[in-house]
Amino acid sequence: MMMVPLFRYFLGFQVAADRAGWLARQLPPVAGDLFAGLKPQLYHLTLCTIAETAAPHPFLRQRVAKALETGLPAASPIPFGRIVARDEGAELVTAGGGGGVRQLYEAIVALLAPHDIAPMHRKAGLRPHITLGYGECDFPAAPLAWTWIPRELALIESHVGHRRHRVLQSWTLAPPAQAMFDFMADELPPPLRRAA
């Protein structure tokens with residue numbers, strides 16, 4: 001008999017309250033009674049689910065904290081591009097390949113692996129998005145260019161089916177490495193030339 005999980009534990013980034021409120025106002029009008037928008041305080045980007053249990057997990061927070069005690073990689077900008085209607089709801093999806101968040105995900109998974117903590121449900125790979133609501137909806141894709149730099153990685157306990165999340169612990173991410181600006185290019189030494 002298959003266990004129906006009542007608690008789901010995932011690592012992800014929560015959207016700050018001011019940005020979440022702004023994001024909620026960007027959702028296009030949705031007709032019908034089957035769609036329910038999420039409360040903005042629940043907006044997040046899930047990196048990976050790491051456990052599903054029938055009862056609260058007594059030691060998972062400590063295990064994750066131990067895995068991350070050596071330090072996290074720096075944050076990475078996440079470029080979003082549009083709000084789309086899906087079969088089961090609405091979400092904000094990334095623009096481009098989402099390379100920075102993929103590298104961050106892979107670095108975090110590598111920190112968890114020696115502690116026997118592995119991502120679940122990732123057979124199709126990482127698809128970074130922020131869910132804005134659930135239920136049947138239909139609207140044309142709405143452009144929304146927003147580059148988000150998450151500040152914290154959070155371990156979240158989700159009460160399955162109740163749309164309740166509880167942050168068990170969070171870890172501050174270092175800011176992204178500063179990119180070189182074009183105006184600094186003249187300060188660089190000239191490229192090495194091969195002898196003919």
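The values are calculated or read from the model by the stated rules, or taken from the named source; none is laboratory data. These numbers come from a predicted model, not from an experiment. Cβ atoms come from the backbone with ideal geometry, glycine included; neighbour counts cover every protein chain shown. Calculation scope for accessible area: heavy atoms of the full protein, side chains included, ligands and nucleic acids excluded. Shrake-Rupley method; radii C 1.70, N 1.55, O 1.52, S 1.80 Å.
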(1) more than 17 Å from residue 165 (Cα to Cα); (2) not in a loop (DSSP other than H, G, I, E, B): which one isn't true of residue 52, the others all being true?
(1)
Go through (1) small (Gly, Ala, Ser); (2) open to solvent by less than 40 Å² (accessible area, probe 1.4 Å); (3) in contact (Cβ under 8 Å) with a residue 60 or more places away in the chain; (4) out of contact with any helix residue (DSSP H, G or I) (no Cβ under 7 Å at 6 or more places or on another chain) and name the single condition residue 51 misses.
(4)
So if I check each of 60, 45, which one is at pLDDT 90 or above and more than 15 Å from residue 128 (Cα to Cα)?
60
Which residue out of 85, 174, 75, 145 is open to solvent by 70 Å² or more (accessible area, probe 1.4 Å), farther than 23 Å from residue 7 by Cα and either touching a Leu at 6+ places or on another chain (Cβ under 6 Å) or outside any helix (DSSP H, G or I) (or both)?
145
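Residue-by-condition table, conditions (1) touching a helix residue (DSSP H, G or I) at 6+ places or on another chain (Cβ under 8 Å); (2) open to solvent by less than 20 Å² (accessible area, probe 1.4 Å); (3) in contact (Cβ under 8 Å) with a residue 12 or more places away in the chain:
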position	(1), (2), (3)
6	no, no, yes
16	no, no, yes
41	yes, no, yes
59	no, no, no
So residue 158 clears everything in (1) in a loop (DSSP other than H, G, I, E, B); (2) touching a His at 6+ places or on another chain (Cβ under 6 Å); (3) among the hydroxyl-bearing types (Ser, Thr, Tyr) except one condition, right? Which one?
(1)
Hits in the range 120-142 (condition: part of a strand (DSSP E or B) and of a type in the set (A, V, I, L, M, F, W, C))
120, 130, 132, 142
Which listed residue is modelled with pLDDT of 90 or more, of a type in the set (Val, Ile, Thr), part of a loop (DSSP other than H, G, I, E, B) and open to solvent by less than 60 Å² (accessible area, probe 1.4 Å), from 108, 117:
117
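Condition check ((1) touching a Lys or Arg at 6+ places or on another chain (Cβ under 8 Å); (2) not β-branched (Val, Ile, Thr)) across all residues:
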{"position": "8", "(1), (2)": "no, yes"}
{"position": "12", "(1), (2)": "no, yes"}
{"position": "19", "(1), (2)": "no, yes"}
{"position": "24", "(1), (2)": "no, yes"}
{"position": "30", "(1), (2)": "no, no"}
{"position": "35", "(1), (2)": "no, yes"}
{"position": "39", "(1), (2)": "yes, yes"}
{"position": "42", "(1), (2)": "yes, yes"}
Flagged in the range 152-167 as aliphatic (A, V, I, L, M) and either open to solvent by less than 20 Å² (accessible area, probe 1.4 Å) or within 15 Å of residue 48 (Cβ to Cβ) (or both), in numbering order, are 153, 154, 155, 156
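This table checks each residue for (1) under 28 Å from residue 51 (Cα atoms); (2) surrounded by fewer than 18 Cβ atoms within 10 Å (Cβ to Cβ); (3) at pLDDT 90 or above.
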residue	(1), (2), (3)
99	yes, yes, no
127	yes, yes, no
141	no, yes, yes
150	yes, no, yes
Condition first: part of a loop (DSSP other than H, G, I, E, B), small (Gly, Ala, Ser) and open to solvent by less than 70 Å² (accessible area, probe 1.4 Å). Now tell me which residues in the range 18-33 satisfy that.
32
